[in-house]
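Student: One structure follows; several queries about it will come next.
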């Protein structure tokens, strides 16, 4: 199926789009038009080989190798196309990746991830794989391989702001998560200890989750604005009706439900016999919590944290609308200027961040689960 | 010695344990038996203050249990429960080391004690010390649960239906092991069960509870021969009370001096087993062999039957 889609895309869609400046509609070019004959032929042969492997070879390692090789060839081809179409020294012309490139990227990406999944790598291997991918992409970007591609042109224009917005994005997502853990974990423990609290606490957090992000930002603007004008100390802390404060507060509120709910579920799943035995043997309430309940509930709690982190990385994007900053700034500026490349400059790193966060936390959850299994293996 | 004085527990208007007084002698096993909802578990849990009594008190070797913080009291009292309650994320050795660690024993002493206990409970330390609870069989888990309760050498061991989840064969083995341990360490034990046979088998004295009240607390034979209450008689079982009584006496205790014809039986066999053997063989008498394998007396059917009535 994927192979079919990929072939159709290669024939029917442009490989790159040539634009005389950043906002005019583009002029589609096929692979043959932009690369020398031998180059186009080489790319097509590589893609055919990948297609053949996808259809005919079941072994995961070969499939992964073929997909990665094809991805590298594809990336080099689009870079070469951009270089070929850009007159030397020109800063106005834009060459963007076209439909065929994106479809092929998705198909080959799926093929690669599918192969990795089938190989069932351990948590450490997955993190190393992620680190290696980031290192390779980073090295290629630093080397300037893709500098003539439109997204990188937008980067060059925004080079001073990009690292700042990236850091801000991570800070907004991570900071609101940290605050939610600091508040949500004790709240979850309390709700577990006092079951009466569960319906009101979880109910309230559930209602907050149903409020759309933009609406919540709006709702928070008024009280935070009042707070900033009435309490000078708050204003000095940087709290105001617009900007980062409502964004962080809103993300914090959204984050609470998964963390509180997973803490409650995780603690509820802990064997009651184990807790009873722990108390019966003379552990204090705090010792039971720290040594028995929390360690046993940790994988479930971490799953909640993973959901929140990935969700926050996506949702911080919207914070740009109310002056919160972050990579969303590029997305909304790009939309405002109908400059799709600027949108991509924001969107691609956001997807990358969310994906990396998911891989890292999944690996962490698995390591914790494996610690138990590995103690198992020492017993011959 | 455990002295329980008019212990009462009320939850709102419901009285779960009602004015119970009893005394457990040092180095003996007391079994609390009753139907579910009789308050037997609550009574047990008031001894180590997992449940705080509404009124009454518990004296441990003469000292009121309320004079020290509950968690410190519990570290001095072994506690084993049905379904073992082992910590699933800790190894067998770590589970057993729980109370010694809480008490701050030096690591070397903890290590020695864990090894000793595993050996006593027939679990090879090299194989099982590093194992996780879910890798053990049900019988092994239960043994680790009791080993953990005994780890800090408590003078008193409380057990709440410790063998409830085991199948009959493993249960019989676990009961025999427990009696062994009790003789070896002289631990004072209080055990809760709903199984009358288990109570008779293990208990030096048995407390029968119903609806929060203690109906009778006596030696097993006395419960059979002089039930204080129709409920006690029903609990102990009216239809085979003679056989139950025979089961409480060993051949060695009942043997008549002299010798006789017939099949040989061991001195530790119960009269119930000897009678069954005689019925099976169609014999009228049996020779009782002592520990050393030499005859130490004999038993006749008539002598056995005389022991089966009050």
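Student: Is it the case, given these coordinates, that residue B:166 is at pLDDT below 90, more than 24 Å from residue B:43 (Cα to Cα) and outside any helix (DSSP H, G or I)?
Tutor: On the way: at pLDDT below 90: yes; more than 24 Å from residue B:43 (Cα to Cα): no; outside any helix (DSSP H, G or I): yes.
So residue B:166 does not fit the description; no.
Student: Does the range A:329-337 contain any residue that is touching a residue at least 24 places away in the same chain (Cβ under 8 Å), assigned to a helix (DSSP H, G or I) and buried (at least 21 other Cβ atoms within 10 Å of the Cβ)?
Tutor: Looking through the range A:329-337, at least one residue is touching a residue at least 24 places away in the same chain (Cβ under 8 Å), assigned to a helix (DSSP H, G or I) and buried (at least 21 other Cβ atoms within 10 Å of the Cβ).
Student: Hey, does the range A:192-210 have a residue that's outside any helix (DSSP H, G or I) and either without any contact (Cβ under 8 Å) to a residue 60 or more places away in the chain or more than 19 Å from residue A:322 (Cβ to Cβ) (or both)?
Tutor: Among the residues of the range A:192-210, at least one is outside any helix (DSSP H, G or I) and either without any contact (Cβ under 8 Å) to a residue 60 or more places away in the chain or more than 19 Å from residue A:322 (Cβ to Cβ) (or both), which makes the answer yes.
Student: Return the residue satisfying two criteria in turn: it lies in the range A:146-157 and is crowded, with 18+ Cβ neighbours inside 10 Å and in a loop (DSSP other than H, G, I, E, B), and of such residues it is modelled with the lowest pLDDT.
Tutor: The extreme case among them is A:148.
Student: Being in a helix (DSSP H, G or I) and within 16 Å of the chain's Cα centre (by Cα): is that true of residue A:361 here?
Tutor: yes
Student: Can you spot a residue in the range B:213-224 that is surrounded by fewer than 17 Cβ atoms within 10 Å (Cβ to Cβ) and more than 22 Å from the chain's Cα centre (by Cα)?
Tutor: No: the range B:213-224 contains no residue that is surrounded by fewer than 17 Cβ atoms within 10 Å (Cβ to Cβ) and more than 22 Å from the chain's Cα centre (by Cα).
Student: What are the residues in the range B:111-125 that are surrounded by fewer than 16 Cβ atoms within 10 Å (Cβ to Cβ) and farther than 11 Å from residue B:93 by Cβ, if any? Let's see the steps before the verdict.
Tutor: As a first pass, look at the range B:111-125 and keep what is surrounded by fewer than 16 Cβ atoms within 10 Å (Cβ to Cβ): B:112, B:115-116, B:119, B:122, B:124.
The answer is B:112, B:116, B:119, B:122, B:124.
Student: Counting just the residues of the range A:79-96 that are in a loop (DSSP other than H, G, I, E, B) and surrounded by fewer than 17 Cβ atoms within 10 Å (Cβ to Cβ), which one comes out modelled with the highest pLDDT?
Tutor: Within the range A:79-96, the first condition is being in a loop (DSSP other than H, G, I, E, B), and the residues that meet it are A:86-93.
Filter again for surrounded by fewer than 17 Cβ atoms within 10 Å (Cβ to Cβ), leaving A:87-92.
Numbers: A:87: 76, A:88: 71, A:89: 70, A:90: 72, A:91: 71, A:92: 73.
Taking the candidates together, the pick is A:87.
Student: Just to check your reading of the model, which residue among A:99, A:26, A:109 is at pLDDT 85 or above and within 21 Å of residue A:340 (Cβ to Cβ)?
Tutor: Numbers: A:99 fails: at pLDDT 85 or above; A:26 fails: at pLDDT 85 or above.
Testing whether each residue is at pLDDT 85 or above and within 21 Å of residue A:340 (Cβ to Cβ) leaves just A:109.
Student: Now for a separate question. Take residue B:237 and tell me if it is exposed (fewer than 15 other Cβ atoms within 10 Å of the Cβ) and closer than 27 Å to residue B:28 by Cα.
Tutor: Numbers: exposed (fewer than 15 other Cβ atoms within 10 Å of the Cβ): yes; closer than 27 Å to residue B:28 by Cα: yes.
It is true that residue B:237 is exposed (fewer than 15 other Cβ atoms within 10 Å of the Cβ) and closer than 27 Å to residue B:28 by Cα.
Student: Same structure, new question: Taking residue A:49 as the residue in question, decide whether it is in a helix (DSSP H, G or I), touching a helix residue (DSSP H, G or I) at 6+ places or on another chain (Cβ under 7 Å), more than 16 Å from residue A:151 (Cα to Cα) and in contact (Cβ under 8 Å) with a residue 24 or more places away in the chain.
Tutor: Values: in a helix (DSSP H, G or I): yes; touching a helix residue (DSSP H, G or I) at 6+ places or on another chain (Cβ under 7 Å): yes; more than 16 Å from residue A:151 (Cα to Cα): yes; in contact (Cβ under 8 Å) with a residue 24 or more places away in the chain: no.
So residue A:49 fails the test.
Student: Now for a different question. With the condition kept exactly as written, say whether any residue in the range A:245-255 is closer than 30 Å to residue B:87 by Cβ, more than 14 Å from every other protein chain (Cβ to nearest Cβ) and either in a helix (DSSP H, G or I) or at pLDDT 90 or above (or both).
Tutor: Taking the range A:245-255 and keeping what is closer than 30 Å to residue B:87 by Cβ, we get none.
So far as the range A:245-255 goes, no, none of its residues is closer than 30 Å to residue B:87 by Cβ, more than 14 Å from every other protein chain (Cβ to nearest Cβ) and either in a helix (DSSP H, G or I) or at pLDDT 90 or above (or both).
Student: Any chance you could count how many residues in the range B:126-141 are touching a residue at least 24 places away in the same chain (Cβ under 8 Å), at the interface with chain A (Cβ under 10 Å from one of its Cβ atoms) and surrounded by fewer than 19 Cβ atoms within 10 Å (Cβ to Cβ)?
Tutor: 2
Student: Somewhere in the range A:194-211, is a residue at pLDDT below 80 and surrounded by 20 or more Cβ atoms within 10 Å (Cβ to Cβ)?
Tutor: no
Student: Has the range B:142-161 got any residue that is touching a helix residue (DSSP H, G or I) at 6+ places or on another chain (Cβ under 8 Å), more than 29 Å from residue B:59 (Cβ to Cβ), surrounded by fewer than 18 Cβ atoms within 10 Å (Cβ to Cβ) and in contact (Cβ under 8 Å) with a residue 24 or more places away in the chain?
Tutor: no
Student: State whether the residues of the range A:101-118 include one that is more than 30 Å from residue A:369 (Cα to Cα), in contact with a strand residue (DSSP E or B) (Cβ under 8 Å, 6 or more places away or on another chain) and not in a helix (DSSP H, G or I).
Tutor: The answer is no, given that none of the residues of the range A:101-118 is more than 30 Å from residue A:369 (Cα to Cα), in contact with a strand residue (DSSP E or B) (Cβ under 8 Å, 6 or more places away or on another chain) and not in a helix (DSSP H, G or I).
Student: Right, residue A:17: part of a helix (DSSP H, G or I) and surrounded by 12 or more Cβ atoms within 10 Å (Cβ to Cβ) or not? So that I can check it myself, show each step before the final result.
Tutor: Numbers: part of a helix (DSSP H, G or I): no; surrounded by 12 or more Cβ atoms within 10 Å (Cβ to Cβ): yes.
No, not satisfied.
Student: Something else now. Check residue B:245 against each of (1) surrounded by fewer than 17 Cβ atoms within 10 Å (Cβ to Cβ); (2) in a helix (DSSP H, G or I); (3) in contact with a helix residue (DSSP H, G or I) (Cβ under 9 Å, 6 or more places away or on another chain) and name the one condition it does not meet.
Tutor: Residue B:245 satisfies all of (1) surrounded by fewer than 17 Cβ atoms within 10 Å (Cβ to Cβ); (2) in a helix (DSSP H, G or I); (3) in contact with a helix residue (DSSP H, G or I) (Cβ under 9 Å, 6 or more places away or on another chain) except (1).
Student: Test residue B:165 against the criterion of being over 24 Å from residue B:75 (Cα atoms) and in contact with a helix residue (DSSP H, G or I) (Cβ under 7 Å, 6 or more places away or on another chain), and give yes or no.
Tutor: Answer is yes for this residue.
Student: Across the range B:172-207, what is the number of residues that are closer than 17 Å to residue B:144 by Cβ and free of Cβ contacts under 8 Å to residues at least 24 places away in the same chain?
Tutor: Qualifying residue count for the region: 1.
Student: Every residue in the range A:256-293 that is more than 25 Å from residue B:165 (Cβ to Cβ), without any contact (Cβ under 8 Å) to a residue 24 or more places away in the chain and more than 8 Å from chain B (Cβ to nearest Cβ), please.
Tutor: The answer is A:285, A:286, A:290.
Student: If you don't mind, there's one more thing I want to ask. Report those strands (runs of 3 or more DSSP E) wholly inside the range B:1-105 carrying at least 1 residues which are more than 14 Å from chain A (Cβ to nearest Cβ). Outline the logic, then answer.
Tutor: Values: elements: B:2-11, B:14-24, B:29-34, B:55-60, B:77-81.
It comes to B:2-11, B:14-24, B:29-34, B:55-60.
Student: Just to be sure before I move on: is residue B:176 within 14 Å of chain A (Cβ to nearest Cβ), part of a helix (DSSP H, G or I) and under 21 Å from the mean Cα position of the chain (by Cα) in the structure I sent? Outline the logic, then answer.
Tutor: Working: within 14 Å of chain A (Cβ to nearest Cβ): no; part of a helix (DSSP H, G or I): yes; under 21 Å from the mean Cα position of the chain (by Cα): yes.
So residue B:176 fails the test.
The values are calculated or read from the model by the stated rules, or taken from the named source; none is laboratory data. Keep in mind the model is a prediction, meaning the values are calculated, not measured. Neighbour counts are summed over all protein chains in view; Cβ atoms, including those assigned to glycine, are modelled from backbone coordinates with ideal geometry.
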